[in-house]
Amino acid sequence: MKMQKRFAGVALAAAGMLLLAGCASGGDAGATTAPVEEAPEFEAGTTMATLADAGKITIGTKFDQPLFGLLGPDGDPVGFDVEIGKIIAGKLGIAPENIEWVETVSANREPFIENGQVDLVIATYTINDKRKEVISFAGPYYMAGQSILVLADNDDITSEDDLVGQPVCSVTGSTPAAKLAEIGAEPVLTDTYSNCLEPLRSGAVVAVSTDNVILAGLAAQNEGEFKIAGKPFTEEPYGIGLALDDTEFRNWINDVLEESYSDGTYEAAWNETAGTVLPFVDPPAVDRY
């Protein structure tokens, strides 16, 4: 078994403190295509009714993922995951300024849901069976795939086979990190993907590996420094995390997603965010398990 290295930085044990340090709400929540329903009605006792009556919702997302969830200059996150959150909130009658955004890194997504610190997590969150043992997922709303980011002048790495025995950066608690160990690479783990870029620049790692959409955002943000090598070698269905036994809420979110696919709201949200770099593809069918 390969030893997993970890960078100095924010310790995993301190991840829970992100709730205190990483909240943003109010102010200009950024451009949104999501309409806000006026006085929606829900069955009493459901999560939908509770949130609609409160007029606010807490959503966990990433603050360092260009295109999907990146903290904007006004202190609010922007990106496709953020827009999906606004679509859901809007159907509850909750305006963007009444969403509390909580920074949620890969390692604390399940704990934040289990502990009730957030109502939802929308954070490039791959659906898998292990996670479904402790939380539920609505969706998927996007199908990504694990890929490889290298320095722009690196022509030696062209596929996952070239990562075997090599130090490759990824994030603690992520499915890409587990896949790297599985294929025989040497995972070098940190808390956020942006923290992988300096080790890649310095040669401490030969590549960064995670979902292709995340890497595309990092490459676009650092034009000319990096490139994506090869083709995606996994399928990563992105879902919306919520409490394990809240079937009514999960089914309702799936209804909202399907409606956004048909009425154009989903595509408009994509085009305003990730679509500035990546082409639009039809969303996958939701899984009503």
- Task: Tell me which residues, restricted to segment 160-194, are more than 20 Å from ARG109 (Cα to Cα) and either assigned by TED's automatic domain parsing to the domain that holds ALA107 or polar (S, T, N, Q) (or both).
- Result: GLN166
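Tell me, which helices (runs of 4 or more DSSP H) wholly within segment 26-134 include 3 or more residues that are of a type in the set (A, V, I, L, M)? Outline the logic, then answer.
On the way: elements: 47-54, 80-91, 109-114.
Correct list: 47-54, 80-91.
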- Can you spot a residue in segment 8-24 that is at pLDDT 70 or above, small (Gly, Ala, Ser) and touching a helix residue (DSSP H, G or I) at 6+ places or on another chain (Cβ under 9 Å)? no
- Task: Residues being touching a residue at least 24 places away in the same chain (Cβ under 8 Å), surrounded by fewer than 22 Cβ atoms within 10 Å (Cβ to Cβ) and in contact with a helix residue (DSSP H, G or I) (Cβ under 9 Å, 6 or more places away or on another chain): count how many of those fall in segment 177-186.
- Result: 3
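Among the residues in segment 91-99, are any in contact with a helix residue (DSSP H, G or I) (Cβ under 8 Å, 6 or more places away or on another chain) and under 17 Å from VAL213 (Cβ atoms)?
Just the residues of segment 91-99 that are in contact with a helix residue (DSSP H, G or I) (Cβ under 8 Å, 6 or more places away or on another chain), to begin with: 91-96, 98-99.
Next, only the ones that are under 17 Å from VAL213 (Cβ atoms) stay: none.
Checked segment 91-99: no residue is in contact with a helix residue (DSSP H, G or I) (Cβ under 8 Å, 6 or more places away or on another chain) and under 17 Å from VAL213 (Cβ atoms).
Yes/no per residue for (1) at pLDDT 95 or above; (2) among the hydrophobic types (A, V, I, L, M, F, W, C); (3) under 29 Å from VAL134 (Cβ atoms):
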| site | (1), (2), (3) |
| --- | --- |
| GLN221 | no, no, no |
| LYS227 | yes, no, no |
| LYS231 | no, no, no |
| ASN251 | yes, no, yes |
| VAL256 | yes, yes, yes |
| GLY264 | yes, no, no |
| ALA269 | yes, yes, yes |
| VAL286 | yes, yes, yes |
- Task: Kindly provide the set of residues from segment 156-176 that are free of Cβ contacts under 8 Å to residues at least 40 places away in the same chain and of a type in the set (Gly, Ala, Ser), ordered by number.
- Result: GLY165
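Taking the stated definitions as given, is LEU200 within 17 Å of the chain's Cα centre (by Cα), modelled with pLDDT of 95 or more and under 20 Å from LYS62 (Cβ atoms)? Break it down into steps so the answer makes sense when it comes.
Values: within 17 Å of the chain's Cα centre (by Cα): no; modelled with pLDDT of 95 or more: yes; under 20 Å from LYS62 (Cβ atoms): yes.
So LEU200 does not fit the description; no.
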- Message: Just the residues that are among the aliphatic types (A, V, I, L, M) and either at positive phi or touching a Phe, Trp or Tyr at 6+ places or on another chain (Cβ under 8 Å) (or both), please, taken from segment 243-261.
- Response: ALA243, LEU257
- Message: Can you list the helices (runs of 4 or more DSSP H) lying wholly within segment 187-289 that have 3 or more residues being surrounded by fewer than 16 Cβ atoms within 10 Å (Cβ to Cβ)?
- Response: 197-202, 247-263
- Task: Could you check how many residues of segment 51-78 are among the basic types (Lys, Arg) and more than 17 Å from TYR125 (Cβ to Cβ)?
- Result: 1
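Considering only segment 157-181, state which residues are outside any helix (DSSP H, G or I) and out of contact with any strand residue (DSSP E or B) (no Cβ under 8 Å at 6 or more places or on another chain).
First, pick out the residues of segment 157-181 that are outside any helix (DSSP H, G or I): 157-159, 164-174.
Correct list: VAL164, GLY173.
The values are calculated or read from the model by the stated rules, or taken from the named source; none is laboratory data. Being a predicted model, the structure only gives us computed values, none of them experimental. Every residue, glycine as well, gets a Cβ built from its backbone with ideal geometry; the counts of neighbours run over all protein chains shown.
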